[in-house]
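Before any comments, here is the structure.
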Amino acid sequence: MRHLIRFRTTAAVCALLLVAHASPGVGAPPAAPPQPSILAPSRPPAPAGRPGPVRQAVLRPVVSGLNQPVYVTHAGDGSGRLFIVEQAGLVRIFRNGALLPTPYLDIRSRVSCCGEMGLLSVAFHPRYAANGRFFVNYTTETGGRRSVIAEYRVSSTNPDVADPAERVLLEVPQPFPNHNGGLNLFGPDGTLFIGLGDGGGSGDPQGNGQRLDTLLGKVLRIDVDRGTPYGIPRDNPFIRIAGVRREIYAYGLRNPWRFSFDRATQRLFLADVGQNTWEEVDIVEQGNNYGWNIMEGAHCYPPGSPCSVGDLVLPIAEYDHTQGCSVTGGYVYRGSAVPALAGKYVFGDYCSGRIWTLTETSPGRWVMALLVPSGLNISSFGEDQDGELYVVHHGGTVYVFAP
């Protein structure tokens, strides 16, 4: 592995494909090979981007020697610490240039790993500095395969170690060992957002993505500061509809592995892992249906079948499996170290290691540009408290974007 990955940002776009909401049906796939695409609903086709000024930046290694890291984040407590999630069931602390030898949290005895299962994320309460609360998302097969959302607290005697006592908030049965989603993330309003995949199996055989009586294939939103074991925010979209799970915030998702809020606009960007052909990026708003398993990306599913777009919300960008095979959501860059990335959504692919940017050139029009073919297995992106952007290589290293 190279210890320094240099890349160039350009305004060049790999390819563009415009899809309009106006057509009620979508025909068979085009004869030409599919290409990375940008979706601008109800807009005429946009020209391909033209090369712009070239700027340089680097991916600089921060810490290596990790065991299958899948996430990196901060606690918002001003400590400067990075918290790194290892899939087998550890949360590690990186502080002052060193990885601490003692894990912050060790729940390997509770977690079933690996493949798409394991300890998949950690989210620190917005008032963690005062209350010490944090929330994990993991899968277990002990007593039946399920996703577990659980609360822990920091030790009362050591700020670098968690109390091992667990409070389970939510358990969701998983029919298959894949498509677990796995992200816990606090929103700007202090509620906890949870990503859950469709439960697995090719093509969503249980139809969970479109069902509103199950939590699978959804983004959930709960209130961890009231209720037992949690509360339902009063403005959740389905709170007053009988037979619908009130936790649901948005649906029609296959495997929402990683998503994030833009610090400046508070928009929720989500990357949904595709089936066999298309990977997609969505802007998620409450109550919306993002199409799975009626559509994969902006295309009818199964391929060649007729479908009606109707009220389905199409992605802002997609790419086909000549460019990768599993999208990893990132962040809109709001740090200060790399001005060339300011305001761009940065995301990548686990299989190909390609990292792209999305730039909104006018309201609703997004341009996708290849940033770097990193060669990494990108399991996640992450932010520190200052908004600097990190890349997690599943092979054991965390990198930071630097000038």
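Read-outs: derived from the displayed coordinates by stated rules, not from any lab. Keep in mind it's a predicted model, so treat the numbers as computed, not measured. In this analysis, Cβ positions are derived from the backbone assuming ideal geometry, glycine residues included, and neighbour counts consider all displayed protein chains.
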Item to complete: Quickly work out the THR265-to-VAL58 label distance, labels modelled 7 Å from Cα along the C-beta direction, and quote it in nm with one decimal.
Response: 3.2
Response to the item:
Computed, not fitted: 222 nm per-residue ellipticity of the chain from DSSP H runs ≥ 4 (each -39500 (n - 2.57)), nearest 500, equal to 0 deg cm²/dmol
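Using Stokes-Einstein with the Kirkwood hydrodynamic radius over Cα pairs, what translational diffusion coefficient do you get for the stretch 312-403 at 20 °C and a viscosity of 1.002 mPa s, in µm²/s rounded to a whole number? Walk me through the numbers on the way to the answer.
On the way: Rh = 13.6 Å.
Estimated via Stokes-Einstein, D reaches 158 µm²/s.
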Worksheet, complete the sentence: Relative contact order of the chain (C-alpha contacts under 8 Å, at least 6 apart) in percent is 17
Discussion item. So if a site counts as exposed when it's one of the trypsin sites (Lys or Arg not before Pro), its DSSP state isn't H, G, I, E or B, and it has at most 10 other Cβ atoms within 10 Å, what's the longest stretch of the chain without one?
Written reply: 3-225
Worksheet item: What is the Cα centroid distance between the stretch 327-403 and the stretch 180-256, reported in whole angstrom?
Response: 26
Worksheet item: Around ASN288, which amide H atoms from residues at least 5 apart in sequence, or from another chain, sit under 5 Å from its own amide H, with H modelled in the peptide plane?
Response: TYR251
Discussion item. How much length would be gained if the chain were fully extended between GLU285 and THR102, taking 0.36 nm per residue of separation minus their Cα-Cα distance, in nm to one decimal?
Written reply: 61.9 nm
Item to complete: Obtain the nm distance between the two label points defined at ASP223 and ARG240 by a simple spin-label model: each point lies 7 Å from its Cα along the Cα-to-C-beta direction.
Response: 1.6
